1. Could you tell me which residue of region 275-313 is nearest to Tyr131 (Cα to Cα), considering only residues that are among the basic types (Lys, Arg) and modelled with pLDDT of 95 or more?
2. Could we say that Gly10 is at pLDDT 95 or above, farther than 30 Å from Gln160 by Cβ, open to solvent by 30 Å² or more (accessible area, probe 1.4 Å) and touching an Asp or Glu at 6+ places or on another chain (Cβ under 7 Å) here?
3. State yes or no: is Ser154 open to solvent by less than 80 Å² (accessible area, probe 1.4 Å), under 30 Å from Ala213 (Cα atoms), polar (S, T, N, Q) and out of contact with any strand residue (DSSP E or B) (no Cβ under 6 Å at 6 or more places or on another chain)?
4. Just to verify a result, which residue in region 248-274, among those that are of a type in the set (A, V, I, L, M), open to solvent by 30 Å² or more (accessible area, probe 1.4 Å) and at pLDDT 90 or above, is nearest to Leu225 (Cα to Cα)?
5. Out of the residues in region 79-109 that are within 30 Å of His69 (Cα to Cα), out of contact with any Leu (no Cβ under 9 Å at 6 or more places or on another chain) and not hydrophobic (A, V, I, L, M, F, W, C), which is most open to solvent (accessible area, probe 1.4 Å)?
6. Can you tell which of Gly354, Gly347, Gly323 is surrounded by fewer than 19 Cβ atoms within 10 Å (Cβ to Cβ) and more than 15 Å from Ala124 (Cα to Cα)?
7. Which condition does Thr115 not pass, out of (1) in contact with a Phe, Trp or Tyr (Cβ under 8 Å, 6 or more places away or on another chain); (2) within 19 Å of Ala40 (Cβ to Cβ); (3) exposed (fewer than 15 other Cβ atoms within 10 Å of the Cβ); (4) not hydrophobic (A, V, I, L, M, F, W, C), if it passes all the others?
8. Thr175: crowded, with 16+ Cβ neighbours inside 10 Å and free of Cβ contacts under 8 Å to residues at least 24 places away in the same chain, yes or no?
Amino acid sequence: MVAGPVLVVGAGPGGLAVAAALRARGVDALVVERSDAVGASWRRHYDRLHLHTTRRLSRLPGLAIPREHGRWVARDDVVRYLEQYAAHHRLRVRTGVEVARVEPTDDGGWRLRTTGGESIEGSAVVVATGYNHTPVPPAWPGVEDFPGEVVHASSYRNAQPYRGRDVLVVGVGNTGAEIAVDLTEGGAGRVRLAVRTAPHIVRRSTFGWPAQATGILVRHLPVPLVDATARLIARVEVPDLSSYGLPRPATGLYSRVHEGSVPLQDVGLIAGVRARRIEPVAAVESFEGDKVVLADGTRVAPEVVIAATGYRRGLEPLVGHLGVLDDRGLPRTHGPRAARPGLYFTGYTNPISGMFRELRIDAVRIARAVARATA
């Protein structure tokens, strides 16, 4: 057996969950985190963000989320929970340590090389740096000459800097839609929402039944069956917004999930569009001076463009040399299936059953696999 702790890269919910599950099995784990605190990505999210999954179904192994945080846990309460979680399980967390490269050792163990020149060795490695790790900057032709403000959604905190201003939000995923709602409620002068592909919109809950619970129930059903069922439910629950510029999607909901796109949970978008406070427009094609050229040929002149253009996993510098990533930069295996002996990944899927729930399940399974492999 190779000596040394299991090295967990990342002190977000995935990394902390794995470390706690390992500790519960008597396996020593060391969590290394590049920022100065646990839950760093949650600390950077916009102010109004809440979990789109319920409190009960979002707990990590060994500790429930406190009831006082409510059914839909706010960003700041998620951070408090992660801090409490690390303390409750007495996890060993080293902050301020950025891992530059993960590599195997000659004796069958693993080594982390840090940007500070340190080498940390252990018996196994679990990479948990997060699904939304590296913001994808906008790359539209002509954007560098735009005289207005262009910001990635990762930099958005609240609507205060945009009060009275004309804002174009690009991207109609959960982040883009919620930022658009936040802007209208926060006093932006005009809010347009650029849509390339019409989203599947679902109610966060219906008569107390959360959308997450439906996602759990249907996850292993045939894709055509789920697509057909979701289409019927949408016609009952979600009004047709085609006349407002937001048509129903042509591709089925679960088919879209298998392509990597989760449904958009409504936290005010439907009401905002119907009240014409949020104006859906065509996708952005390019920039011409102070104008944004849309896919339908329309030109608009916003003062601010907020690009909800997504994230990359950013795993190539860490493990790209190991042959464990696919052509999208995602791990070829995740959870308890080792990518290479002693190398595991968690948190690199985007399931409709809820990220925190899947992190909990993965953590327990990874801990079991590691304990067996290092016994």
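The values are calculated or read from the model by the stated rules, or taken from the named source; none is laboratory data. These numbers were taken from a predicted model, which means no experiment stands behind them. Cβ coordinates were reconstructed from backbone atoms using ideal geometry, including for glycine residues, and neighbour counts include every protein chain displayed. Ligands, DNA and RNA are excluded from the accessible area calculation, which covers all protein heavy atoms including side chains. Shrake-Rupley method; radii C 1.70, N 1.55, O 1.52, S 1.80 Å.
1. As a first pass, look at region 275-313 and keep what is among the basic types (Lys, Arg): 276-277, 291, 299, 312-313.
Of the ones still in play, those that are also modelled with pLDDT of 95 or more are 276-277, 291, 299.
Values: Arg276: 33, Arg277: 31, Lys291: 33, Arg299: 34 Å.
Going through the qualifying residues, I end up with Arg277.
2. Numbers: at pLDDT 95 or above: yes; farther than 30 Å from Gln160 by Cβ: yes; open to solvent by 30 Å² or more (accessible area, probe 1.4 Å): no; touching an Asp or Glu at 6+ places or on another chain (Cβ under 7 Å): yes.
So Gly10 does not fit the description; no.
3. Details: open to solvent by less than 80 Å² (accessible area, probe 1.4 Å): yes; under 30 Å from Ala213 (Cα atoms): yes; polar (S, T, N, Q): yes; out of contact with any strand residue (DSSP E or B) (no Cβ under 6 Å at 6 or more places or on another chain): no.
In short, no.
4. Per the criteria, the residue is Val267.
5. Just the residues of region 79-109 that are within 30 Å of His69 (Cα to Cα), to begin with: 79-96.
Pick out the ones that are also out of contact with any Leu (no Cβ under 9 Å at 6 or more places or on another chain) and you get 79-80, 83, 87, 90, 95-96.
Narrowing the set further to residues that are not hydrophobic (A, V, I, L, M, F, W, C) leaves 80, 83, 90, 95-96.
Numbers: Arg80: 125, Glu83: 81, Arg90: 179, Thr95: 65, Gly96: 59 Å².
Across region 79-109, the extreme among qualifying residues is Arg90.
6. Values: Gly354 fails: surrounded by fewer than 19 Cβ atoms within 10 Å (Cβ to Cβ); Gly347 fails: surrounded by fewer than 19 Cβ atoms within 10 Å (Cβ to Cβ).
Checking each option against the conditions leaves just Gly323.
7. (1)
8. Considered against the rule, which asks whether it is crowded, with 16+ Cβ neighbours inside 10 Å and free of Cβ contacts under 8 Å to residues at least 24 places away in the same chain, Thr175 comes out as no.
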